1. Tell me the net charge near A126. Cut-off is 13 Å between Cβ atoms, A126 excluded, with +1 for each Lys or Arg and -1 for each Asp or Glu.
2. Order by neighbour count: M236, M560, M626, fewest other Cβ atoms within 10 Å first, most last.
3. Expected output is a single nm value to one decimal: the length gained when fully extending between E378 and K428, i.e. 0.36 nm times separation in residues minus the C-alpha distance. What is it?
4. Angle check, please: helix 511-521 long axis (alpha carbons) against the longest principal axis of the chain (alpha carbons), in degrees 0 to 90, nearest 10.
5. So which of K413/K565; K68/K144; K3/K208; K3/K175 end up more than 27 Å apart, counting from Cα to Cα?
6. Counting only helical runs of four or more DSSP H residues, what would the 222 nm mean residue ellipticity of the chain come to if each run contributes -39,500 (n - 2.57) and the total is spread over all its residues?
7. Given V542, S355, L610, which one lies farthest toward the positive end of the charge dipole of the chain, if we put +1 on the Cβ of every Lys and Arg and -1 on the Cβ of every Asp and Glu?
8. Less than 12 Å Cβ to Cβ from G167, Lys/Arg counted +1 and Asp/Glu -1: what total charge do the surrounding residues give?
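Derivation of every value follows stated rules applied to the coordinates shown; laboratory data play no part. In this text the structure is predicted, and so the values were computed from the model without any measurement. Every residue, glycine as well, gets a Cβ built from its backbone with ideal geometry; the counts of neighbours run over all protein chains shown.
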Amino acid sequence: MAKKQFKAESRRLLEMMVNSIYTNREIFLRELISNASDALDKRYFEGLTDKSKNASKKDLWIKITPNKDARTLVIEDTGIGMTDKELESNLGTIARSGSAEFREALEKNTSKIDIIGQFGVGFYSAFMVAKKVTVDSRPAGGDKAYRWVSSGEDGYTISEIEKDTVGTTITLELKDDTEDEKFGEFLEEWTIRNLIKKYSDYVRYPIKMDVKKSIPDPTEEGKTIDTMEEETLNSMVPLWKKNKNKISDEDYNEFYKSTFSDWENPQRHLHYNVEGNVSYTALLYIPGKTPFNFYNTDYESGLRLYSKGVFILDNAKDLLPECYRFVKGLVDSDDLNLNISREILQQDRQVKALSKSIDKKITGMLEDMLEKEREEYEKFYENFGLNLKYSIYKSYGALKEKLQDFLLYRSSKDGSYTTLKEYVSRMKEDQKEIYYACGSTIDDIEKLPVLSKVRNKGYEILYFTDSIDEFVIRMMMNYDEKPFRSVTEAGLDLDTEEEKKARETTAEENKDMLEAMKNALGENVSEVRISSRLTDDPVCLVADQGMSIEMEKVLSQDPMNRGLKATKILEINPNHPIFAKLQDVFRTQPDALNDYADILYDQARLIEGLPIEDPAEYARRIVDLMVNAALPKKDDSPVEAEIVE
Ligand code: ADP
């Protein structure tokens, strides 16, 4: 029989599994049972509409058979089964994760545990405990059956076999050393019992096992004999249908991890029941960290939908608003039609009511967290805050009211996060606007020359470090009727009447010089003017109305952008020694002013984190200046002066 090779990624994953010294190998059982349970769901569901696949509830089960002598563990289900093609495509490649991200993760050499957790390796986890895996399967609606066999990395074979019953039987030939520290040997009855209780108790089909029972010996009074008796190991009550008081945090966490293939515990859960227009039970989770592919197009959001405990759909997007797409969970409603399809879902009135109610609950949960558990909320925000911002932006501000109070920013007050509400509550009486500054890191922002004036006024400044931040507040326009104002915006006006007058006078007196500089810079700037916002630094660039400099930076990374640029104004600090120097140059050798203007403009760009057009030319000019300039005399230095005294 010809051996087939696994696809490249699958082989690497298998390699990892085979050589695993992974401490949680017992999850293989949960993974296989979860696959079996899915297969049973499919059989039941498809059987509702397709007679050839019909199965009554009592014929749907899972059975586990350990054999200590042969060191095999058999997991049998009466689910939908697989054709030879399906065996090939489902087990020959990584189903859930045969995607670019997985390759990336492998290449980045992320830790193994992370990979196992992030991708929920499913079926392949069998190779953590088995040296050989045999899958016998007969699909519902067909009469042929097939066998898939693999000993791991070196490939697999598929052949036709005889099998009387529909479903899948997986036989694991266990490795020699499967003694588990915590759970014991996987072939022991009590180990299996414990694992099922822990990981698969809620599976809605019986997980059966033949167990040894001692019964009174009918032939001899007072004696017992051992017989084998089939027992169902799981309670079959779905977790979400159990009484909340009877569910421990660990139960919730285990359920989350096994159902939504996450390695980490969720940050929190919300389990509730609604009676009314639509009655439903929901079990919702906020993941403990941002999923690996959360911002990729292949991330599937949505909730799992059940009707009266029967699985209907996975990733039902219409149940979950986009802004909360990080929520994982399920909804079980008695009011929904079992035959509901993805297409109908969109228009269904009940579904709309459902999703509205879920939306409210999540909003409430976040509000609660923000109010009562700030630290937890900040942790949540670090994971998913960006999605809230995107949502405001993408909705063109329509979601502003709903989400604005969930936003957090670092600010000049101290290193901690602040909400907009908190910011506004601290605003000084004369402060009319909400100030912000952009940069890629807080450090970068704090070095911006333009910050000082606003700070000196005692106004707090929000630090925008996400490239989307400024786009978001452009959509929001204002908060609590207070407009947002960038500290690098041309319109920023913090001066008193007196200061304004003084500035106008200086501008008037230096009109010709400023104009000459503007001419030297040509189209690069719309104006060169006297600054009111600089205290210590010589120059800065500010943006005229419209696009900001930060936005220009963001857009310049977009390949579709056709050179959109902010309209820039070069501001000069009249109190800086450079100003007197410029006046001097303008008076005595006006031609040299061009060089000064160019250098100052380039410097302003560099401070802003913008590239300069001709770095070589810039360097040449600086060197020229250095060569021509007289170095400051020794006794100019204040340190020396002190010593002299
Ligand atoms: P996942 O369950 O995440 O899709 P797996 O690697 O565990 O990934 O399984 C791959 C696929 O193989 C499943 O999606 C399913 O189609 C199929 N499969 C696995 N186990 C069974 C089973 N017991 N019965 C029917 N199909 C199965």
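1. Surrounding charge for A126 is +2.
2. M560, M626, M236
3. So the chain would gain 15.4 nm between E378 and K428.
4. That works out to roughly 40 degrees.
5. Over 27 Å apart, Cα to Cα: K413/K565; K68/K144; K3/K208.
6. Counting only the DSSP helices, I get -11500 deg cm²/dmol.
7. The listed residue farthest towards the positive side: S355.
8. Neighbourhood net charge equals +1.
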